[in-house]
1. Listing B:Val32, A:Val54, A:Val4 from the residue with the fewest other Cβ atoms within 10 Å to the one with the most, what is the order?
2. So what is Rg over Rh here for the range A:1-49, counting just Cα atoms and using Kirkwood for Rh?
3. Going by the alpha-carbon gyration tensor, a ≥ b ≥ c the square roots of its eigenvalues, is the range A:23-67 rounded (a/c under 1.5) or, if a/c is not under 1.5, prolate (a/b greater than b/c) versus oblate?
4. State the answer as a single residue: which of A:Val54, A:Gly83, A:Ile64 lies farthest towards the positive end of the charge dipole of the range A:48-102, with beta carbon charges of +1 for Lys and Arg and -1 for Asp and Glu, about the Cα centre.
5. Given a 10 angstrom Cα cut-off, can you work out which residue in A:Ala45, A:Ala24, A:Ala92 is the most mobile in a GNM of chain A?
6. Hey, rough spin-label estimate for B:Asp56 and B:Glu18, points 7 angstrom out along Cα→Cβ, what's it come to in nanometres?
7. Percent of Cα-Cα pairs per 5 Å bin, from 0 to the last occupied bin, for chain A, please list those.
8. Roughly how big is chain B's charge dipole about its Cα centre, with Cβ charges of +1 (Lys, Arg) and -1 (Asp, Glu), in debye to the nearest 20?
Amino acid sequence: QQQVKQSPQSLIVQKGGIPIINCAYENTAFDYFPWYQQFPGKGPALLIAIRPDVSEKKEGRFTISFNKSAKQFSLHIMDSQPGDSATYFCAASRVGQGAQKLVFGQGTRLTINP
Amino acid sequence: NAGVMQNPRHLVRRRGQEARLRCSPMKGHSHVYWYRQLPEEGLKFMVYLQKENIIDESGMPKERFSAEFPKEGPSILRIQQVVRGDSAAYFCASSTLGQGEQYFGPGTRLTVT
């Protein structure tokens, strides 16, 4: 019930395309859903996050879509660039209940070809 | 640099030795989390601490692992009698009270030989 399932495991997209990464969760108590970007040898960097009271959030070229009834959320990267090539992780936590530990998905290795 | 700081960045230990990993949270952050990342895997929660208190240690192995966040100084993750399976990247993150946003440090890559 604590799991977050992420797909696909890897994704290759041409420059300018829109990669989409999906995550699904089971625990309806989760109330905070961030996405992290990680480059090799570096720590995860917070990209964008959403709470379940909204269905979409945009920050620059990154968009989260959230479907509360389906318990799914996804990351879209507009006008993707080779510099976006990295591993992306979705996560979830129960901030409102003080249980702030993040439960991570398994990660998606994204490659943007020039 | 106001970000989360971790040291050392790389640590090599022989089986049976002790490993000490340090984490200084972002300025103004009083909550620290430790996560472990095995090669080609996601991050797994280990422990959540506030100053002088362990709030949630549900992800910590029962033996050989301990963590502290003293009133003064960095948070310490301590691994006693390391084994090869402890080889991983250990990340620290910090946040402010009641906020979901966690900011990660660069990690400590532990190699057990």
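Rule-based calculations on the coordinates, nothing more; no lab input. Quick caveat, the model's predicted, so the values are computed rather than measured. Positions of Cβ are generated from backbone atoms using ideal geometry, with glycine treated the same way; all protein chains shown enter the neighbour counts.
1. On the way: B:Val32 28, A:Val54 10, A:Val4 24.
By the 10 Å Cβ count, ascending, the order reads A:Val54, A:Val4, B:Val32.
2. Details: Rg = 13.1 Å, Rh = 13.0 Å.
The Rg/Rh ratio comes out at 1.01.
3. Numbers: a/c = 2.72, a/b = 1.47, b/c = 1.85.
Oblate shape, in that a/c is at least 1.5 and b/c is the bigger or equal ratio.
4. A:Val54
5. Checking each option, the largest mean-square fluctuation is seen for A:Ala45.
6. Result for the modelled spin labels: 2.9 nm.
7. 2, 13, 24, 25, 19, 10, 5, 1, 0
8. Working: 16 positive and 11 negative charges, 97 e Å.
Dipole about the Cα centre, nearest 20: 460 debye.
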